[in-house]
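Written out below as structure tokens is the structure these notes cover.
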Amino acid sequence: MKNTVLLFVVMLLCITANAQEGVKFEELTFKEALAKAKAENKLVFMDCYTSWCGPCKKMLNTVFVKKEAGDFFNSRFVNVKYDMEKGEGIELAKQFNIKSFPTFFIFRPDGTIQHKIGGAGPLNSFLGWVERGLNEETSLDYLDKLYEKGSMNKKQLLDYYWTLVYACENEKSNTILGELKGKLDTKERLQPEYWFMLKERPYGSEECNFVVANYSKLKESVGKETVNKYLESRYHGILDKVIQREGKNDEKTMKEFLGRITKEWASMKWEPEKRLQNKMKLLQACLAKDSESIYACLDFGLNKQENPKWNFDVWVLLSALDFVNANGEKVDVQKLFALEERVSGYFSSSANTRKRVQAYFEKFR
């Protein structure tokens with residue numbers, strides 16, 4: 001019994017010590033926090049949370065409790081937190097138009113907003129977001145006012161965009177991004193700091209076409225691995241849709257895509273990884289209605305040893321069976337059923353998935 005009590009006391013002391021090392025949130029009204037910040041020549045850091053918000057709890061229990069967080073915040077801020085659905089928090093939510101949680105503010109002692117951050121994140125990232133607010137030229141208030149004057153250069157527009165993103169001001173950040181895009185020339189779009197404008201865009205977009213046209217330059221500025229990863233993702237996506245004939249793609253459309261992609265790869269002098277090459281061979285085989293070539297592509301694509309990512313492609317590859325025996329030629333059905341057995345074996349624990357696999361082979365029975 002004594003040992004149990006001793007263990008409990010030690011644990012309690014450890015928890016208390018950790019809490020003391022972390023961010024010290026003070027029990028103050030907003031007005032009192034501002035007065036204390038003025039007296040101590042600090043800013044006010046305000047955590048706006050709700051009791052049901054998971055990310056809010058995660059920030060409080062895993063981020064703000066760390067010593068590094070305490071060292072950073074306690075020396076710079078008077079730290080306060082308010083439940084936006086209780087007490088003073090209800091009025092603060094109305095006053096500062098707080099609609100998402102968690103939201104964090106940096107206030108000057110006179111009560112004006114210097115910076116705003118929306119959402120949760122790991123400590124290192126979050127400290128970076130807060131530091132943007134401590135730096136006047138990247139703080140939200142400064143950039144808001146500078147933008148209103150109409151005197152922003154491209155670097156400032158970029159800073160403003162990211163500051164709005166971190167503040168969860170989505171509508172305004174999209175507006176700023178549109179303005180920034182319109183001001184950049186080709187040379188600037190090739191720079192690493194603007195890669196984010198390209199990397200999320202789909203195949204066939206203006207941005208993707210720009211990457212294809214400037215592949216060799218982007219390899220140098222952004223990095224070969226990064227650009228290749230982007231291209232592989234886009235080409236996998238479009239080939240999956242074409243082979244499965246999504247969007248009512250007919251054979252004419254499939255042929256057009258085959259020609260387009262072939263030209264793009266040649267213009268970039270780009271050699272894709274084997275999994276992607278196999279999908280191009282499969283598309284060619286489907287158009288040629290070459291049953292043996294289709295089988296060979298399926299054999300490679302659905303082989304766990306040859307292709308560790310076979311499970312990403314299983315339904316795409318099996319959809320190519322629609323082109324087997326399309327011209328009534330003799331096919332080796334035993335070979336196809338052996339393939340069916342192998343693929344079904346991959347899903348031995350799921351009867352529904354095995355049935356889905358079997359449906360692709362029904363026409364050969």
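Each value in this text was obtained by applying a stated rule to the coordinates, not by laboratory testing. Here the structure is a predicted model, which is why all the values come from computation and not from measurement. Cβ placement follows ideal geometry from the backbone for every residue including glycine, while neighbour counts extend to all protein chains displayed.
At 7 Å along Cα-to-Cβ for each site, give me the label-to-label distance between Lys145 and Glu40 in nm.
So the two model labels end up 2.5 nm from each other.
What distance in nm separates the two pseudo spin-label positions at Lys241 and Thr112, each 7 Å out from Cα along the beta-carbon direction?
Computed distance between label sites Lys241 and Thr112 equals 4.9 nm.
Report the label-to-label distance for Glu193 and Glu85 in nanometres (one decimal), using points 7 Å from each Cα along the Cα→Cβ vector.
4.2 nm
Could you estimate the translational diffusion coefficient of the range 28-143 from the Stokes-Einstein equation, with Rh from the Kirkwood formula over C-alpha pairs, at 10 °C and 1.306 mPa s, in whole µm²/s?
My calculation gives 111 µm²/s for D.
If r is the Cβ-Cβ distance from Glu292 to Glu220 and R0 is 56 Å, what FRET efficiency results, to the nearest 0.05?
0.85
Per residue of the chain, what 222 nm ellipticity follows from adding -39500 (n - 2.57) for every DSSP H run with n ≥ 4, rounded to the nearest 500?
-18500 deg cm²/dmol
Please enumerate, by chain and number, the lysines with C-alpha under 20 Å from the C-alpha of Lys99, excluding those fewer than 8 residues away in the same chain.
Lys57, Lys58, Lys81, Lys86, Lys116, Lys172
Take the alpha carbon atoms of the range 187-240, find their center, do the same for the range 40-82, and report the distance between the two centers in whole angstrom.
38 Å
Could you tell me how far the Cα centroid of the range 300-336 sits from the Cα centroid of the range 133-160, in Å?
For the range 133-160 versus the range 300-336, the Cα centre distance is 55 Å.
If a paramagnetic tag sat 7 Å from the Cα of Lys154 along the Cα-Cβ line, which residues of the range 172-199 would have the backbone N under 18 Å from that point?
176-199
Compute the length gained on full extension between Glu306 and Lys183: take 0.36 nm times their separation in residues and subtract their Cα-Cα distance, giving the result in nm to one decimal.
39.6 nm
To the nearest 0.05, what FRET efficiency results for Glu206 and Asp322 with a Förster distance of 35 Å applied to their C-beta separation?
Result of the calculation: an efficiency of 0.60.
Put +1 on the Cβ of every Lys and Arg and -1 on every Asp and Glu Cβ in the chain; which of Ser173, Met152, Val80 then has its Cα farthest towards the positive end of the dipole?
Ser173
For a test of the definition: using alpha carbon positions, the gyration tensor, and the 1.5 limit on a/c, classify the range 241-345 as rounded, prolate or oblate.
oblate
Multiply the residue gap between Glu341 and Lys99 by 0.36 nm, knock off their C-alpha separation, and tell me the result in nm, one decimal place.
Taking Glu341 through Lys99 to full extension adds about 81.7 nm, to one decimal.
Could you give the size of the charge dipole of the chain about its Cα centre, using +1 on the Cβ of each K and R and -1 on the Cβ of each D and E, expressed in debye and rounded to the nearest 20?
With Lys and Arg at +1 and Asp and Glu at -1, about 540 debye.
For Leu134 and Ser233 in one chain, what is 0.36 nm times their gap in residues minus the Cα-Cα distance, to one decimal in nm?
Gain on stretching Leu134 to Ser233: 31.8 nm.
Just the number, please: percent antiparallel of the DSSP beta bridges in the chain, rounded to the nearest 5.
55 percent
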